[in-house]
Amino acid sequence: MKRPAISRRSRRRWLSRLATGLALWPLLAESRAAPGLRPTPAQTEGPFYPVRLNEDTDFDLLAHGPLRYAEGQPCWVQGSVTDTAGTALAGAVVEIWQCDGQGHYHHPGDGGRADPAFQGFGRVLTDADGRYRFRTIRPVPYTGRTPHIHFKVRVGEREVLTTQLYVEGDPGNARDAIWRRLSAADRAAVTRPFEAGPDGLRCEFPVVVEI
């Protein structure tokens, strides 16, 4: 039995659709292979990660045991921890550490000059939505460095990220050797504004990790 003849119009329409499909194939393939969220860039831990932790390591760096820290600009540093697919990571450990308002760390390498009222280090678990929050001060510069806050993230037993948070618009950034080594995209990821919020100065710092 002979197959029915295909008209010239139908053949042209079929060839046109085939050509369109072939033209779109690279775009469809690229879309399917597109990566997820860009991971937050890793940065050096630096020399001042605490050698020994005090008993008080909670979210509030302005209250060290019975002492209260009154220098600097109080602020909230908060955000979310997700993987590169955008899935919130509940129960991740987020740590921060930074110098006090005079530029000193709680570390023997800094001569023990840090104000005892400033906790200097905090550790929290992310909530069910992957959120974390710290009460601290807007970071200040010290010799050779622009203002920054150190971050470390652990998921389970794994340390998945060590990085630093910078202040958007700070003039010291362009002179900081560590900040300058970052690409433009990586600078944007770790350089965030500290802005007025309903409960005071606030910085929102989303963290994306590869797990």
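The values are calculated or read from the model by the stated rules, or taken from the named source; none is laboratory data. This one's a predicted model, so the numbers in the text were calculated from it and none came from an experiment. In this analysis, Cβ positions are derived from the backbone assuming ideal geometry, glycine residues included, and neighbour counts consider all displayed protein chains.
No other residue among Phe134, Phe118 is surrounded by 15 or more Cβ atoms within 10 Å (Cβ to Cβ), in contact with a Gly (Cβ under 8 Å, 6 or more places away or on another chain), not in a loop (DSSP other than H, G, I, E, B) and not acidic (Asp, Glu) apart from Phe134. Counting the residues of the stretch 146-186 that are farther than 21 Å from Asp83 by Cα and part of a strand (DSSP E or B) gives 4. The requirement of being of a type in the set (A, V, I, L, M) and modelled with pLDDT under 95 is fulfilled nowhere in the stretch 173-195; no residue meets it. Comparison of Arg133, Arg52, Arg113, Arg145 shows that the only residue that is in contact (Cβ under 8 Å) with a residue 40 or more places away in the chain and among the charged types (D, E, K, R) is Arg133.
Condition test on Leu89, is it at pLDDT 95 or above and either under 25 Å from Tyr132 (Cβ atoms) or out of contact with any Pro (no Cβ under 9 Å at 6 or more places or on another chain) (or both)? Spelling it out, Leu89 is indeed at pLDDT 95 or above and either under 25 Å from Tyr132 (Cβ atoms) or out of contact with any Pro (no Cβ under 9 Å at 6 or more places or on another chain) (or both). If you go through the stretch 21-58 and pick out every residue that is surrounded by 10 or more Cβ atoms within 10 Å (Cβ to Cβ) and modelled with pLDDT of 50 or more, you end up with 19. In summary, Pro139 fulfils each of the numbered conditions (1) in a loop (DSSP other than H, G, I, E, B); (2) over 16 Å from Ile96 (Cβ atoms) with the single exception of condition (2). The residue pairs whose first member lies in the stretch 169-195 and is among the hydroxyl-bearing types (Ser, Thr, Tyr) and crowded, with 16+ Cβ neighbours inside 10 Å, whose second member is at pLDDT 95 or above and not in a strand (DSSP E or B), and whose beta carbons are closer than 8 Å, counting only pairs six or more residues apart or on different chains, are Thr191/Glu168; Thr191/Asn173; Thr191/Trp179.
Among the residues making up the stretch 100-155, none is within 20 Å of the chain's Cα centre (by Cα), among the acidic types (Asp, Glu) and within 16 Å of Leu67 (Cβ to Cβ).
Residues of the stretch 61-73 that are crowded, with 16+ Cβ neighbours inside 10 Å and assigned to a strand (DSSP E or B): Ala63, His64.
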